[in-house]
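These notes concern the structure reproduced below.
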Amino acid sequence: MLGITAAVWGFVGVVIFLASAIFRLSNIALELEPVSLTVLNWLVLAGWVFFMSYFEGYKGFQKSFSPRVAARIYFLYRNATVLRCVLAPFFCLGFFDAHRRRMIFIWSFTIGIYLLIQLMGFVPMPWRAIVDIGVVVGLSWGLVSLLVHTCLVFKEKGLIYSADVPVKKL
């Protein structure tokens, strides 16, 4: 029962994390008035959406983040502890009980994203909305790929991806 609870909480927590970012950024993107965009704005928007689709959505989420998080959700289902259950979304994201290199990357990446978010507050419209539209596309791709990969991992009994969990020596 602990494993099911942990896996569901981990999955729901990560989904809420991604969905809340999509929702917040979508509100800013909706402030954009398309009629006010110049040709340059439209070209940058198209290029940025393509860039974010490929690099954030496909390469970042579909090929790396989503398979690993799905595998960690399955690992959590099979190897739940009370700590992992309580902190399941953070476990699934790799903030603890991961290889040292992965944890350094996750913590550094999180700090970097936080700093970028703070800097984006100084970017004027329409550029802020253009950036946010691209990020929303990438995050949405990521959310869908997480749903797909999680279904695949449970269908295949976790044999598809590495959970990136270090083996404890006795």
| the stretch 128-148 residues near the modelled Tyr54 label - backbone nitrogen below 15 Å, point 7 Å along Cα→Cβ | 138
| task | Treating the angle as unsigned and between 0 and 90°, give the value, to the nearest 10°, between the Cα long axis of helix 100-120 and the longest Cα principal axis of the chain. | result | 20 degrees
| Expected 222 nm ellipticity per residue - DSSP helices of 4 or more, -39500 (n - 2.57), all of the chain, to 500 | -23000 deg cm²/dmol
| message | So for the stretch 53-148, averaging the separation of alpha carbon pairs under 8 Å that are six or more residues apart and normalising by length, what relative contact order in percent results? | response | 55 percent
| message | What figure, in Å² to the nearest 10, do you get for the accessible area of Ile106 with a 1.4 Å probe and non-protein molecules left out? | response | 20 Å²
| said: Using each residue's phi in the stretch 41-54, evaluate 6.51 cos²θ - 1.76 cosθ + 1.60 at θ = phi - 60° and report the 3J(HN,Hα) Karplus result to the nearest Hz, with x for Gly and Pro. | reply: 4, 5, 5, 5, 4, 4, x, 5, 5, 4, 4, 5, 4, 6
| Order of exposure, largest accessible area first, which applies to Tyr54, Tyr114 with probe 1.4 Å | Tyr114, Tyr54
| field | Accessible area (Å², per residue) of the stretch 43-164, counting only protein heavy atoms and a probe of 1.4 Å | value | 57 Å²
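Of the accessible area of the chain, with the probe set at 1.4 angstrom, what percent is carbon plus sulfur? Working shown, then result.
On the way: 7670 of 10410 Å².
Carbon and sulfur together cover 74 percent of it.
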| request: Return the single residue from Gly13, Gly47, Gly142 with maximal mean-square fluctuation; model: Gaussian network over the chain, springs between Cα atoms under 10 Å. | output: Gly47
| 0 to 90° range, to nearest 10: angle between helix 127-155 axis and the chain longest Cα axis | 30 degrees
| request: Rounded to whole Hz and in sequence order, give me ³J(HN,Hα) for the stretch 27-40 from the Karplus expression 6.51 cos²θ - 1.76 cosθ + 1.60, θ = phi - 60°, writing x for Gly and Pro. | output: 4, 5, 4, 6, 6, 5, 9, x, 5, 8, 7, 8, 4, 4
| task | Report the residue, chosen from Phe90, Phe55, Phe109, that carries the largest GNM mean-square fluctuation when the chain is represented by alpha-carbon nodes joined by springs under 10 Å. | result | Phe109
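The values are calculated or read from the model by the stated rules, or taken from the named source; none is laboratory data. Note that this is a predicted model, so its numbers are computed, not measured. FYI the Cβ positions are ideal-geometry reconstructions off the backbone, even for glycines, and counts take in every protein chain you see. The area values use the complete protein model at the heavy-atom level, side chains included, leaving out ligands, DNA and RNA. Shrake-Rupley method; radii C 1.70, N 1.55, O 1.52, S 1.80 Å.
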